[in-house]
1. Please give the number of the condition Ala155 fails out of (1) in contact with a strand residue (DSSP E or B) (Cβ under 7 Å, 6 or more places away or on another chain); (2) assigned to a helix (DSSP H, G or I).
2. Examine region 265-279 for a residue that is assigned to a helix (DSSP H, G or I), basic (Lys, Arg) and modelled with pLDDT of 95 or more, and state whether such a residue exists.
3. List, please: which pairs have Cβ atoms under 8 Å, are six or more places apart or on different chains, and start with a residue in region 28-46 that is without any contact (Cβ under 8 Å) to a residue 12 or more places away in the chain and of a type outside the set (D, E, K, R) and end with one that is assigned to a loop (DSSP other than H, G, I, E, B) and surrounded by fewer than 18 Cβ atoms within 10 Å (Cβ to Cβ)?
4. Would you confirm, using the coordinates I've provided, whether Ala555 is touching a Leu at 6+ places or on another chain (Cβ under 7 Å), of a type outside the set (S, T, N, Q) and closer than 25 Å to Arg606 by Cβ?
5. With a cut-off of at least 2 residues that are of a type in the set (D, E, K, R) and either touching a Lys or Arg at 6+ places or on another chain (Cβ under 6 Å) or surrounded by 20 or more Cβ atoms within 10 Å (Cβ to Cβ) (or both), name the helices (runs of 4 or more DSSP H) lying wholly within region 46-127.
6. Which ranges mark the strands (runs of 3 or more DSSP E) fully within region 454-564 that have 1 or more residues being in contact with a His (Cβ under 9 Å, 6 or more places away or on another chain) and modelled with pLDDT of 90 or more?
7. Show the residue pairs meeting these rules: Cβ distance below 6 Å; 6+ apart or different chains; first residue within region 359-378 and in the same structural domain as Met303 (by TED's automatic domain parsing); second residue of a type in the set (Asp, Glu) and in a strand (DSSP E or B).
Amino acid sequence: MDQAETRLRQPEPERTPAGRTIVTELAGTVREHGGRPAYSDRVDGEWRTLTWADVRRRALETAAGFAALGLQPGEAVALMMPNRSEHVLADLGAVHAGGVPATLYATLAADQIAFIGADCEARYAVLDGREQVDRWLPALDRLPALRRIIVIDPAACPDGAADPAGRFLTWDAFTALGRERLADPAGAAEIDRRGRALDPGDDVTLLYTSGTTGDPKGVRITHSMVLHEAALVAGSSVLPAHPSGISYLPFAHIADRVLSYYLPIRLASHVHFCPDPARLTTVLREVRPHSFFGVPRVWEKIMAGIQAVLAGERDEARRAAVAQALETGRRYVSGQEYGNTTGPELAAAFERADAAVLTPMRALLGLDRVRQASSAAAPLPEEVARFFAGLGLKIFDAYGMTETTGAITANLADSFKLGTVGRAFPGVELRLDEDGEILVRGATCTPGYLNRPAATADLIGPDGWIRTGDVGVLDEDGFLRVVDRKKELIITAGGENVAPSLIENHLKEHPLVGQALAYGDRRPYVVALITLDGEVAPAWAAAHGVEPAGPAELAVHPLVLEEVGRAVADANARLARVQQVKKWRLLPAEWTAESEELTPTLKLKRRIVHTKYADEIDALYNR
């Protein structure tokens, strides 16, 4: 197959009716399902739930509050909050008032906040509490257009001498202002008029890229784009009516914004918020959701935890039974992959293994009711997908980007291949350029970047094709594999092209390895920087008789170094010679978004790592 000419186009789905916006979509959901649960927050140990009717009523109050403060249609509202109902209410309120909400990642520094706030000319901001206020305060003198700042936590809202300009307002005072405005017939009519004036082509949000290179760019996303994406995802799912889910990834991330905001409006779903990802396993067991989305690193960490538990099992008979059940699960799911078949004997064996071993294991994780497990943001390593297949859980990997409103390809229940990101959604045009770059065109594609005509021209060709910057391969059945980022491919001193993510994924298969970076551009061979998994490493050390120690001490312990060496050797055994890691170093600390090596969605900031650890990299070539 000629990759340069490969092009897929599925049948066009039913188009979104003219005039539909998030405002009209929410109103329709409330008419049909207003009494159903919409969003739940954990408050004082109990779940506090808003119905869909509650959500719309409070969104209108919030819209009236923005209008009372002077928000004009088209003006931006910056949001920096964890996953909670007030985040959705502030976002919907801004939209109903004709504004454009822009959620910022909570880890941004003051300079980044100042850049984004100025770029979108934010007139208002809604912040959660002390941590967010402290991040914004140093940026305020660079944001003269910012009129008011609303703070959810009243104790964190500056007043008096701390707020001489009177720019800060508590959320309670803000919503009280909105209720008063909405109670006035003229105020209610104004909000209704603003909602009706919205067009499907208007921006429904601005999402800023995570800035792995240079300043972040504001991606314009319209009402039509999110409604079309929600329709594609809903049409491809196997979820029950009104499914339950968990929101724990930032709303600045397109995946959670679609899955926990736009799609639930369409499906009248019930979303439970988990603002602290460290509590995710607890919330999973409480909620037992019907759908669960995880970026690859989340799935890898769950896998590492399971492997650590299984490694500590002392009962040989139990270990053998679990191993046999996992192997049956893997063979059963493999038999369901596109082009394969599953015989009645294997199906019966899986049914027995599932009832006796696999369902109880999934129940311990809170995943026993999951009908739709998915992953995106980066390709899910095939070994991770096959591990969960052993549990009887099919993780449907998808591919997309903020500029395409999320997924444009996906594996589906009746059409999947593990190790790929699936096939193009209906109505999505997909082809590969001469150099293998993935190009896409369709109704979910952005009209461009805010205030960035040159960057927009680089992104979108004159014929409307978006250049993703990713290199892919299409197989004979139309399933896409993403090889790597076009600009991140390593070209060794010998001229060989090497995909670093392939090497890194093999390294991270070992439970001890938290993160890895492969390096070798214009160098004679590939080297790697490796960090320990902060949760697995202490448990592994205890199981192997290593005295309790912190990550820095473990990173130099002979037994730990020996085990990581085995992980490197195992990875090298599955790599071509030019891809193999010749030298490596185990670093004394984890990489996180806060320490800047990772984006908020846990993807490597390669250039940051290259700069921050330049001496360590050079040392690997000089010894």
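The values are calculated or read from the model by the stated rules, or taken from the named source; none is laboratory data. All values derive from a computational prediction rather than experimental measurement. With ideal geometry, Cβ positions are generated from the backbone for all residues, glycine too; neighbour counts draw on all protein chains shown.
1. That leaves (1) as the condition not met.
2. Checked against the condition, which is being assigned to a helix (DSSP H, G or I), basic (Lys, Arg) and modelled with pLDDT of 95 or more, region 265-279 yields at least one hit.
3. none
4. Details: touching a Leu at 6+ places or on another chain (Cβ under 7 Å): yes; of a type outside the set (S, T, N, Q): yes; closer than 25 Å to Arg606 by Cβ: yes.
Yes; evaluated as a whole, the condition is true for this residue.
5. 52-69, 85-96
6. The qualifying strands (runs of 3 or more DSSP E) are 513-519.
7. Ser375/Asp397
Each row is one residue, and each column tells you yes or no for (1) modelled with pLDDT of 95 or more; (2) surrounded by 23 or more Cβ atoms within 10 Å (Cβ to Cβ); (3) over 30 Å from Gly427 (Cα atoms).
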residue: Ala349; (1), (2), (3): yes, no, yes
residue: Asp354; (1), (2), (3): yes, no, yes
residue: Arg369; (1), (2), (3): yes, no, yes
residue: Ala376; (1), (2), (3): no, yes, no
residue: Ile395; (1), (2), (3): yes, yes, no
